[in-house]
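One structure coming up, written as structure tokens, with questions to follow.
The values are calculated or read from the model by the stated rules, or taken from the named source; none is laboratory data. What you see is a predicted model, and the numbers here were worked out from it, not measured in a lab. Cβ: placed from backbone, ideal geometry, glycine included. Neighbour counts: every protein chain shown. Heavy atoms of the whole protein, side chains included, go into the accessibility calculation; ligands, DNA and RNA do not. Shrake-Rupley method; radii C 1.70, N 1.55, O 1.52, S 1.80 Å.
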Amino acid sequence: DMELNDVLSFDEAIEIMDEPEYLELAPGEYDFTVRDVAFSTYEGSNKIPSCPMVEARLSVVTDEGETEIIDRFYYCRKMRYKLSSFARTLGLARVGDKITIEWKKLIEKQGRARISLREYNGKKYNQIDRYIVPADEPAPF
């Protein structure tokens, strides 16, 4: 995927930059595209057990530019609704289906989400509140 001009050499002069401008989205509904997925194991917390985890890198394009949001999917019973709503917004499944999500095949698929801003350590970040199920989703069996 990477362009050759993305690569620098050790003896090349680099331009010293400030942090990249972070595009804060106004709270609302946005279309997104899945750009990448990464697999790991979540260490666990008082709310979520140690379990497999997927981090999905989602891209949102607006008139002001493009921004990326990382959303995490925890493979535990408590979080099944989130996996379900993600599968439904991408059109992979409907209520009542049983599916195994093939994460690598989701790259470049599109869905819709409600996005808000959260503040953390004095900085604001875009976050996914929930995934929006398409209005034309086929009825459950």
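When you go through (1) open to solvent by 30 Å² or more (accessible area, probe 1.4 Å); (2) touching a Leu at 6+ places or on another chain (Cβ under 8 Å); (3) not in a loop (DSSP other than H, G, I, E, B) one by one for V37, which number turns out not to apply?
(1) is the only condition that V37 fails.
Considering region 85-105 alone, what residues qualify as being open to solvent by 30 Å² or more (accessible area, probe 1.4 Å), touching a residue at least 24 places away in the same chain (Cβ under 8 Å) and part of a helix (DSSP H, G or I)?
Correct list: R88, K104.
Inspect region 9-23 for any residue being in contact with a strand residue (DSSP E or B) (Cβ under 8 Å, 6 or more places away or on another chain), open to solvent by 60 Å² or more (accessible area, probe 1.4 Å), at negative phi and not in a strand (DSSP E or B) and give the result as yes or no. So that I can check it myself, show each step before the final result.
Step one: of region 9-23, the residues in contact with a strand residue (DSSP E or B) (Cβ under 8 Å, 6 or more places away or on another chain) are 22-23.
Narrowing further to those that are open to solvent by 60 Å² or more (accessible area, probe 1.4 Å): 22.
Next, from what is left, pick out any that are at negative phi: 22.
Retained after the next criterion (residues that are not in a strand (DSSP E or B)): 22.
The answer is yes, given that some residue of region 9-23 is in contact with a strand residue (DSSP E or B) (Cβ under 8 Å, 6 or more places away or on another chain), open to solvent by 60 Å² or more (accessible area, probe 1.4 Å), at negative phi and not in a strand (DSSP E or B).
I'm trying to understand the selection: among the residues of region 65-79, which are open to solvent by 50 Å² or more (accessible area, probe 1.4 Å) and within 16 Å of Y125 (Cα to Cα)? Working first, answer last.
The initial filter retains those residues of region 65-79 that are open to solvent by 50 Å² or more (accessible area, probe 1.4 Å), namely 66, 68, 70, 72, 75, 77-78.
Within region 65-79, E66, E68, I70, R72 qualify.
On the basis of being polar (S, T, N, Q) and outside any loop (DSSP other than H, G, I, E, B), does S45 make the cut? Full working, then the answer.
Numbers: polar (S, T, N, Q): yes; outside any loop (DSSP other than H, G, I, E, B): no.
Taking the combined requirement at face value, the residue does not satisfy it.
Something else now. Only one of (1) outside any strand (DSSP E or B); (2) open to solvent by less than 80 Å² (accessible area, probe 1.4 Å) is not met by A135, so which one is it?
A135 satisfies all of (1) outside any strand (DSSP E or B); (2) open to solvent by less than 80 Å² (accessible area, probe 1.4 Å) except (2).
Looking only at region 63-78, count how many residues are under 19 Å from S116 (Cβ atoms) and touching a strand residue (DSSP E or B) at 6+ places or on another chain (Cβ under 7 Å).
8
Could you say which residue among K47, K82 is surrounded by fewer than 13 Cβ atoms within 10 Å (Cβ to Cβ) and closer than 23 Å to E119 by Cβ? I'd like the intermediate steps shown before the answer.
Details: K82 fails: surrounded by fewer than 13 Cβ atoms within 10 Å (Cβ to Cβ).
The conditions single out K47.
Further question: What residue, of F32, F39, F73, F86, is touching a Pro at 6+ places or on another chain (Cβ under 8 Å) and modelled with pLDDT of 95 or more? First the steps, then the outcome.
Values: F32 fails: touching a Pro at 6+ places or on another chain (Cβ under 8 Å); F73 fails: touching a Pro at 6+ places or on another chain (Cβ under 8 Å); F86 fails: touching a Pro at 6+ places or on another chain (Cβ under 8 Å).
Criteria check complete, one pass: F39.
For region 106-121, give me each residue that is part of a loop (DSSP other than H, G, I, E, B) and either open to solvent by 80 Å² or more (accessible area, probe 1.4 Å) or in contact with a Ser or Thr (Cβ under 8 Å, 6 or more places away or on another chain) (or both). Quick ask: steps written out before the conclusion?
First pass over region 106-121, keeping only residues part of a loop (DSSP other than H, G, I, E, B): 107-109, 121.
The answer is E108, K109, N121.
Could you tell me which numbered condition P52 fails, if it satisfies all but one of (1) in a loop (DSSP other than H, G, I, E, B); (2) in contact with a Cys (Cβ under 9 Å, 6 or more places away or on another chain)?
Here P52 meets the rest and fails (1).
Suppose the filter is out of contact with any strand residue (DSSP E or B) (no Cβ under 8 Å at 6 or more places or on another chain), surrounded by 16 or more Cβ atoms within 10 Å (Cβ to Cβ) and within 29 Å of E24 (Cβ to Cβ); does A56 pass it? Lay out the reasoning, then the answer.
On the way: out of contact with any strand residue (DSSP E or B) (no Cβ under 8 Å at 6 or more places or on another chain): no; surrounded by 16 or more Cβ atoms within 10 Å (Cβ to Cβ): yes; within 29 Å of E24 (Cβ to Cβ): yes.
Considered against the rule, which asks whether it is out of contact with any strand residue (DSSP E or B) (no Cβ under 8 Å at 6 or more places or on another chain), surrounded by 16 or more Cβ atoms within 10 Å (Cβ to Cβ) and within 29 Å of E24 (Cβ to Cβ), A56 comes out as no.
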